[in-house]
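Right, I'll just put the structure down here and ask away after.
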């Protein structure tokens with residue numbers, strides 16, 4: 001992968017016949033090392049949807065790829081709430097498939113401050 005990415009004639013964000021990027025494929029297959037390598041690049045759009053509006057985070061959430069979900073969420077530019085064309089978000093798909101560890105990662109964090117006077 002490193003060798004391919006070192007070439008100037010290789011587009012690391014190119015869509016395949018399903019409209020999926022290499023990051024989407026790495027995400028749905030749980031390839032953390034490949035995802036990590038791709039996420040180091042500035043020419044990768046981690047929110048790029050496929051033909052059905054499914055992002056790399058959506059795919060990782062669907063297949064229960066907890067490590068990849070964590071990698072994607074560690075980035076400031078990944079939208080955790082982006083729905084697919086059917087309106088299903090990564091949180092929704094993870095919940096519907098029983099991936100509770102991913103649900104916990106995707107749920108919004110809130111801080112409760114109580115007044116202890």
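The values are calculated or read from the model by the stated rules, or taken from the named source; none is laboratory data. The shown structure was predicted, so the numbers you read here are calculated from the model rather than taken from an experiment. As a convention, Cβ positions derive from the backbone with ideal geometry for all residues, glycine included, and neighbour counts pool all protein chains shown.
Sort through 51, 45, 18 and tell me the only one that's farther than 20 Å from residue 102 by Cβ, over 16 Å from the mean Cα position of the chain (by Cα) and in a loop (DSSP other than H, G, I, E, B).
None of the other options fit; the residue is 18.
Looking only at residues in the range 88-117 that are under 16 Å from the mean Cα position of the chain (by Cα), modelled with pLDDT of 95 or more and part of a loop (DSSP other than H, G, I, E, B), which one is farthest from residue 27 (Cα to Cα)?
88
Tell me, please, whether a residue that is part of a loop (DSSP other than H, G, I, E, B), surrounded by fewer than 14 Cβ atoms within 10 Å (Cβ to Cβ) and at pLDDT below 95 can be found in the range 66-75.
Yes, there is a match, as at least one residue in the range 66-75 is part of a loop (DSSP other than H, G, I, E, B), surrounded by fewer than 14 Cβ atoms within 10 Å (Cβ to Cβ) and at pLDDT below 95.
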